[in-house]
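Novice: One structure follows; several queries about it will come next.
The values are calculated or read from the model by the stated rules, or taken from the named source; none is laboratory data. Owing to the predicted nature of the structure, the values given are computational and were not obtained by experimental measurement. Positions of Cβ are generated from backbone atoms using ideal geometry, with glycine treated the same way; all protein chains shown enter the neighbour counts. We work out accessible area using only protein heavy atoms, side chains counted, and drop any ligands, DNA or RNA first. Shrake-Rupley method; radii C 1.70, N 1.55, O 1.52, S 1.80 Å.
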Amino acid sequence: MNRKPENTDDVLVKYLLGEATDTEQQEVEQWIADSAENKKHFDHFKLIWDESKHLASQSTVDENEAWDRFMAKVKTEEKAEAIQPKGRAIPLGKTNWMRAAAALVLLIGCGAIYYFAAGPGSTITTQAGDVAMSTTLPDGSVVTLNRNSSISYPTSFSGGTRHVVLKGEAFFNVTPDKTKPFIIDADNSSIKVVGTSFNVKSNDDKTEVVVETGIVEVAKKQYAIRVLPHQKAIVLKQEQKPVMENSTDVLYNYYRTKEFVCDHTPLYKLTDILNEAFDVHIVIATPTLKNIPINSTYHEQSLDAILENIKMLTGATVEKNGSEIILK
């Protein structure tokens, strides 16, 4: 396993500024995908960057000194954690504008934020077999994690923002504070709110944000949209900009409410959620069944009971073939 090349952080700065060439952007994204360690390093790097850049206009930090301090801090933390990212070097020298960019990261001394990112703080993780888990953050905001998810946050929210990192899916009920926006890093997206409730579901390829109350800003790089109640934002890895759609159902809430609420919901949408909730593989073999509307609420029912009701409502037959459940 090779150590992280010294000049990788230079290119990460350029990537976060939106100044990377197409080749450099591809190299960064490939490097991040090479290993979990690389992804962790990038998440920590971006956390510092996002938290500090809003103070740029107030800074009188010497740019060269800032770069040297930042790189020294990164290397110290890597040794302490024995971070050993895989992958090739991303070639680029340290130019003056990169040193200036690094100065942004040092605006608050690279102390409390990086200390949180690499050290003290909390990470809560749920596993495949877990039920939903709720936790209260230091500001009083309540987060409910779906299974196979995690959230990292500091012991206290210092500075001008409340910053957390999400992997997987969670519902947020954020305590209002207009002076300190709440920011979530979720894979390829940044979600910014003041006080609101919303669901975030994220993986390497897609992030979906469904808003229940308030206004949520969803951004990817320099592109951002404002999402209102009963709307959702979708951010795809291969697309530059987030897109907005109407939210037509509340199936995303199943892990919190323990029920599947269907109101003229196409069968394929219900089976997609059942696959996720019960960790099964339901296949609709007959195309005409896919868009049949379902009007039922299934509260703490077994999968077999739900399938029996689907049979009654749609006239479908249910067959099991190994790990597959086939509707036709």
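Novice: When the stretch 126-149 is examined, which residues are found to be surrounded by 15 or more Cβ atoms within 10 Å (Cβ to Cβ), outside any loop (DSSP other than H, G, I, E, B) and of a type in the set (S, T, N, Q)?
Specialist: Result: THR144, single match.
Novice: Next question. Name every residue in the stretch 197-207 that is under 15 Å from GLU239 (Cα atoms) and touching a residue at least 40 places away in the same chain (Cβ under 8 Å), in order of residue number.
Specialist: Hit for the stretch 197-207 is ASP204, nothing else.
Conditions tested, residue by residue: (1) touching a helix residue (DSSP H, G or I) at 6+ places or on another chain (Cβ under 8 Å); (2) of a type in the set (Phe, Trp, Tyr); (3) over 28 Å from ASP204 (Cα atoms); (4) open to solvent by 90 Å² or more (accessible area, probe 1.4 Å).
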{"position": "PRO229", "(1), (2), (3), (4)": "no, no, no, no"}
{"position": "LYS237", "(1), (2), (3), (4)": "no, no, no, yes"}
{"position": "VAL243", "(1), (2), (3), (4)": "no, no, no, no"}
{"position": "LEU274", "(1), (2), (3), (4)": "yes, no, no, no"}
{"position": "ILE282", "(1), (2), (3), (4)": "yes, no, no, no"}
{"position": "SER296", "(1), (2), (3), (4)": "yes, no, yes, no"}
{"position": "GLU308", "(1), (2), (3), (4)": "no, no, yes, yes"}
{"position": "LYS311", "(1), (2), (3), (4)": "no, no, yes, no"}
{"position": "ASN321", "(1), (2), (3), (4)": "no, no, yes, yes"}
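Novice: Okay, next question. Within the stretch 139-163, work out how many residues are of a type outside the set (D, E, K, R) and within 19 Å of GLY214 (Cα to Cα).
Specialist: Taking the stretch 139-163 and keeping what is of a type outside the set (D, E, K, R), we get 140-146, 148-161, 163.
Right, trim to within 19 Å of GLY214 (Cα to Cα) and you get 140-144, 161, 163.
Number of matching residues: 7.
Novice: Let me ask you something else. Confirm whether GLN58 is surrounded by fewer than 16 Cβ atoms within 10 Å (Cβ to Cβ), out of contact with any strand residue (DSSP E or B) (no Cβ under 7 Å at 6 or more places or on another chain) and modelled with pLDDT under 80.
Specialist: Working: surrounded by fewer than 16 Cβ atoms within 10 Å (Cβ to Cβ): yes; out of contact with any strand residue (DSSP E or B) (no Cβ under 7 Å at 6 or more places or on another chain): yes; modelled with pLDDT under 80: yes.
Here the answer is yes, as GLN58 does meet what is asked.
Novice: Then there is this: Within the stretch 161-196, can you find the residues that are free of Cβ contacts under 8 Å to residues at least 60 places away in the same chain, open to solvent by less than 20 Å² (accessible area, probe 1.4 Å), closer than 22 Å to PRO138 by Cβ and of a type in the set (S, T, N, Q)? Show your work before the answer.
Specialist: At the first step, the residues of the stretch 161-196 found to be free of Cβ contacts under 8 Å to residues at least 60 places away in the same chain are 162, 164, 166-168, 170, 172-182, 184, 186-189, 191-196.
Cutting the leftovers down to open to solvent by less than 20 Å² (accessible area, probe 1.4 Å) gives us 162, 164, 166, 168, 170, 172, 174, 182, 184, 186, 189, 191, 193, 196.
Applying the additional criterion that residues be closer than 22 Å to PRO138 by Cβ yields 162, 164, 166, 168, 170, 172, 174, 182, 184, 186, 191, 193, 196.
Of everything in the stretch 161-196, just one residue is free of Cβ contacts under 8 Å to residues at least 60 places away in the same chain, open to solvent by less than 20 Å² (accessible area, probe 1.4 Å), closer than 22 Å to PRO138 by Cβ and of a type in the set (S, T, N, Q), namely THR196.
Novice: So, in the stretch 258-301, exactly how many residues are touching a residue at least 40 places away in the same chain (Cβ under 8 Å) and among the β-branched types (Val, Ile, Thr)?
Specialist: Number satisfying all stated conditions: 6.
Novice: Could you list, in sequence order, the residues of the stretch 210-249 that are closer than 24 Å to LEU267 by Cα and of a type outside the set (A, V, I, L, M)?
Specialist: GLU212, HIS230, GLN231, LYS232, GLU245, ASN246, SER247, THR248, ASP249, listed by residue number.
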